[in-house]
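What follows is a set of notes on a single structure, which appears directly below.
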Amino acid sequence: MKAKFAVFAALSLSLGFSVAPPQAFAAKAEVNEKQITPGLREAIDNFLKKREEAINNGDFSSLPFDKIEETAIYFRYINDVQNFTITNYETSYDMKGITENKDNYEVHIYLIQEFVVNNSIESGFADDVKVVLNKPAASLNKNSLVNDSNETSNDFEIVKMSSDTLETDLNSEGVIKKGKDFKAKMKKQNTKKQLSIEAPEGAALASYSYDGSEAADYALDYALNPNPNYYTWNNDCTNFVSQALNYGGIPERGTTSGNYKKWYYRDRWDVSNSWINVDDFYEVATNSYTIFGSDLDYASELSLGDVVQYDIDSDGDWNHTAIVTKLTNNGRYDIPLVSYHSSNRKNVAWDYFVSKYDECDYRLIDIHE
């Protein structure tokens, strides 16, 4: 399913639909994904196709989420704040499982939304989404509809979608305003500095060679579809960035010795805190010989393979790690785009994450090549 469009100056973000009140049932049955009939699968396919057409027309009001969908907010942010265009929007999904209730099915899918920014930058969102479909009235007394191959897509009604990561309580106007204010602040910092940063005294600079472009390529490959060779945590952002830096040439270190601190992954049970924890990663990246890194003052200094970390509430509890995977120019200066996990995002504006929250601090880390 593919649709091409250009995002216009303003998008409707009101949700003009009604959703049947939730009902609880004691008995639920997990159904094997292979048992899902073509009719039920076709109903989801048709819905997503209509959804693409709605987004193509800028009609986010018809998307059946209880809350505003982040796709709508981000598309408007990219258009109104960064003056970028979006084209080649398409969706796909992986079926994760299905639960049969008395009156409906809850189908769990991994929804992938891909689009192109400024005609050349491949970007995307990927989220776990639950789709609720009502059972046909004539079939409510059956033990299971899933095995009924006579059901067609017209027999199922999609009444609701929900997602912990894709739908949001964000104030869209507030996000746009903060984004514009933050952009104005960044204009004063648009001079690319020529950095001259040496490795810490006593460190063997030749102990590895880091290629930020290679790290960025890895991140782009696995931003939306995590590498199955690694365990994926619920909070997977720092694990994902560590993978990319390791692929870019920074070797793992299994022990702490002197100014070298451990940073490694063996499996989900044998992994260093610095590989998966935001603050521990920062300590290794900026205060050890394991990773040659240092703080930057300005986003205009960021290069491919550098790292951005975020403190959502500006309370000193750092929450999130992302890696720079693309630099795009708005005609005056480079704007870093980042990729990250939890939620899974590919090539999104680095400052969008800052603009999402009332209070959000950030720190910029140069990973020396």
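The values are calculated or read from the model by the stated rules, or taken from the named source; none is laboratory data. Given the structure is predicted, the values throughout are model-derived calculations rather than measurements. Quick reminder, even Gly has a Cβ in these numbers, built from the backbone with ideal geometry, and neighbours come from all protein chains shown. With ligands, DNA and RNA removed, areas are computed over all heavy atoms of the protein, side chains included. Shrake-Rupley method; radii C 1.70, N 1.55, O 1.52, S 1.80 Å.
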Inset, instruction - Rounded to whole Hz and in sequence order, give me ³J(HN,Hα) for segment 278-294 from the Karplus expression 6.51 cos²θ - 1.76 cosθ + 1.60, θ = phi - 60°, writing x for Gly and Pro. - result: 4, 5, 5, 4, 4, 4, 5, 6, 10, 9, 7, 8, 5, 10, 7, x, 7
Legend entry - Mean-position separation - Cα centroids, segment 272-297 and segment 66-113, in angstrom: 33 Å
Inset, instruction - Assign one of three labels to segment 325-369, namely rounded, prolate or oblate, based on the Cα gyration tensor with a ≥ b ≥ c the square roots of its eigenvalues; rounded applies when a/c is under 1.5, prolate when it is not and a/b is larger than b/c, and oblate otherwise. - result: rounded
Legend entry - Heavy atoms of MET186: accessible area, 1.4 Å probe, square angstrom to 10: 20 Å²
Legend entry - Qualifying aspartates and glutamates (Cα of each under 13 Å from Cα of LYS180; at least 8 residues distant if same chain): ASP80, ASP351
Legend entry - Set LYS49/LYS346; LYS178/LYS326; LYS185/LYS356; LYS49/LYS160 screened for pairs whose C-alpha atoms are more than 18 Å apart: LYS49/LYS346; LYS178/LYS326
Inset, instruction - Please work out the FRET efficiency for the pair ASN259 and GLU157, using the Cβ-Cβ distance as r and a Förster radius of 51 Å; give the result to the nearest 0.05. - result: 0.25
Legend entry - Solvent-accessible surface (1.4 angstrom probe) belonging to ARG51, in square angstrom, nearest 10: 10 Å²
Inset, instruction - Please work out whether segment 242-356 counts as rounded, prolate or oblate from its C-alpha gyration tensor, where a ≥ b ≥ c are the square roots of the eigenvalues and a/c under 1.5 means rounded, while otherwise a/b larger than b/c means prolate and anything else oblate? - result: prolate
Legend entry - SER274 accessible area, assembled protein chains, probe 1.4 Å, Å²: 10 Å²
